Amino acid sequence: MSEIELEALNFPDAPKMVSATFPGPKAAAALALSARTESMARGGGRMPVVMDRAFGVTIKDPDGNTFIDLSAGVGVSSVGRCHPEVVQAIRDQSETLMHAMEVNNTKRTDLAAKISEIAPDGLKGDCITFFTQGGSDALEAAVKFAKRVTGRHQIIAFHGGYHGIWNASNALTTGTAYRKGYGPFMGGVIHAPYPYAYRFPFDTTHKSAEQISGEYIDYLLNTPYTGADDVAAVIVEPVQGEGGYVPPSPEFLQLVRKACDRSGALLIVDEVQSGVGRTGKMWAVEHSGVKPDMLTFGKGMGGDVPMAGLIMRSDLAAKIPDGSAPNTFAANAMSAAVSLTNIRLLQDPKLDLINRAHTLGLEVQERIRSFNSPYVGEVRGRGLMIGIELVEDKVTKVPLTGEKLGKLMDYVLSHGVLMVPCGRYTNVMRVMPSLTIPRSLLFKALDVFGEGLAAL
């Protein structure tokens with residue numbers, strides 16, 4: 001597909017701010033109503049953005065301001081919002097079947113078969129999918145099933161990890177905002193250092209962060225007196241998401257896989273944010289050549305509709321009793337039809353969206369480095385999953401202050417660009433647009449970001 005055709009899948013006037021103030025009067029009224037009627041426990045509740053309409057990577061607020069969205073709904077809209085073929089799939093499916101309870105429906109069965117085709121090695125062609133509505137639900141299922149099939153109870157996760165906000169999934173997650181005041185959580189969770197090389201706590205003179213982290217997992221699993229004597233699974237993000245968009249070298253997952261094999265623990269990769277083409281492969285774990293035992297997915301699979309789930313080896317699924325994990329709304333016919341459409345678009349050789357994510361991601365990283373900003377400590381990522389770590393000083397790596405981050409956010413928003421921060425100090429700006437983003441809109445948005453950095 002040409003860039004002109006991709007541009008046609010977006011509002012043509014982005015970015016464009018038409019209200020005299022931001023937020024404008026209609027958006028301000030909507031924000032005030034939301035503050036009175038909706039819980040702000042959700043992640044973006046206080047962000048001064050109100051979405052009224054969306055098309056592709058562009059969104060309009062009630063005042064008519066048009067934004068370029070570099071967040072893809074936090075990695076959700078792989079093929080852009082309201083893609084015409086997705087909209088048509090919704091129309092067609094809405095006339096035949098939507099909710100189907102938990103009995104079989106043809107679209108869900110077709111989707112399970114398609115997922116088996118596109119799953120990474122180790123699962124491809126010999127797996128079973130358990131569908132859920134969201135990523136947190138998928139991780140809850142992963143923990144529950146891992147305990148059942150192994151007969152063990154401990155789980156190893158990683159510092160900086162984000163796996164959800166319910167009980168088991170929140171126990172795995174380490175973000176303070178998600179944990180403080182909500183405990184106690186599920187017991188038996190052991191956290192280990194993730195190979196976040198830019199801020200790694202140990203000396204890497206003789207070994208890389210990936211080597212140290214991977215060997216530490218082997219030490220936990222296969223050495224007496226570590227307390228990790230009943231581990232059912234190691235759960236890991238192949239590219240860490242909320243913890244700062246950290247892409248470790250392939251060696252890390254390879255070492256973790258070997259350690260799990262020695263101990264009998266399962267390896268579960270959490271691909272809720274990194275999967276479905278975002279990193280330049282269908283699954284981020286494929287960059288390492290590692291074969292997972294289970295894989296969680298979400299976000300980009302359903303795009304405009306909720307869809308998530310757990311893919312597991314068939315032999316493991318055979319050990320889970322029928323009817324032991326009911327889920328009324330999982331993979332209804334509508335969400336399954338949309339997911340099948342999204343997969344078809346991602347695999348379309350004429351669009352070549354997954355390979356395009358790889359090449360475009362390299363260009364994005366180079367463009368950001370070319371800003372030569374004193375505040376950019378590191379640019380990292382895979383495909384269109386890119387993190388920009390912002391610091392006060394490149395030598396000390398002191399995180400950018402909240403005041404300066406707020407000024408930067410105000411600048412980009414008031415100039416029509418939507419970006420979402422992450423990271424352990426909330427100082428990592430993400431570039432994670434839809435894979436269909438036109439180059440023209442992408443680099444317009446990046447230029448606004450660069451101008452915002454220069455204005456600090």
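Each reported figure results from applying straightforward, stated rules to the coordinates on display, with no laboratory input. In this text, all values refer to a predicted model and were calculated from it rather than measured experimentally. Every residue, glycine as well, gets a Cβ built from its backbone with ideal geometry; the counts of neighbours run over all protein chains shown.
Quick rundown of the values:
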item	result
Proximal lysines relative to LYS144, as straight alpha-carbon distance under 16 Å, when same-chain residues fewer than 8 apart are discounted	LYS319
Order by protection proxy (mean Cβ within 10 Å, highest first), peptides 122-130, 79-87, 11-19	79-87, 122-130, 11-19
Per-pair calculated FRET efficiency, R0 = 56 Å: ASP110 and SER208 via Cβ, rounded to 0.05	0.85
The chain - mean residue ellipticity at 222 nm from DSSP helices (-39,500 (n - 2.57) per run, n ≥ 4, rounded to 500)	-11000 deg cm²/dmol
Sorted peptide list for 357-365, 418-426, criterion being average Cβ within 10 angstrom, highest first	418-426, 357-365
Part-to-part distance (alpha-carbon centres) for region 211-240 and region 312-329, which is given in Å	26
FRET efficiency for GLN254 and ASP230, using Cβ-Cβ distance with R0 set to 30 Å, rounded to 0.05	0.75
Long pairs among LYS26/LYS404; LYS26/LYS60; LYS258/LYS291, criterion Cα-Cα beyond 18 Å	LYS26/LYS404
Gyration tensor (alpha-carbon) shape descriptor, region 332-456, a/c threshold 1.5	prolate
Stretch gain in nm, segment SER414-LEU456, where the contour uses 0.36 nm per residue and the Cα spacing is subtracted	13.7 nm
Net lengthening on full extension, PHE185/ALA20 (0.36 nm per residue, minus Cα-Cα)	54.7 nm
Length released on extending from ARG148 to GLU215, taking residue separation times 0.36 nm less the Cα-Cα span	21.4 nm
Three-way shape call for the chain based on the alpha-carbon gyration tensor, with the a/c threshold at 1.5	oblate
Peptides 270-277, 222-229 ordered by average Cβ neighbours within 10 Å, highest first	270-277, 222-229
Among ALA228, THR66, SER213 the positive-end extreme of the charge dipole of the chain (Cβ point charges)	ALA228
Two-site FRET efficiency, ARG36 against ILE118, from Cβ-Cβ distance with R₀ of 35 Å, rounded to 0.05	0.20
Region 53-151: C-alpha gyration tensor shape, a/c 1.5 cut-off, then a/b vs b/c	prolate
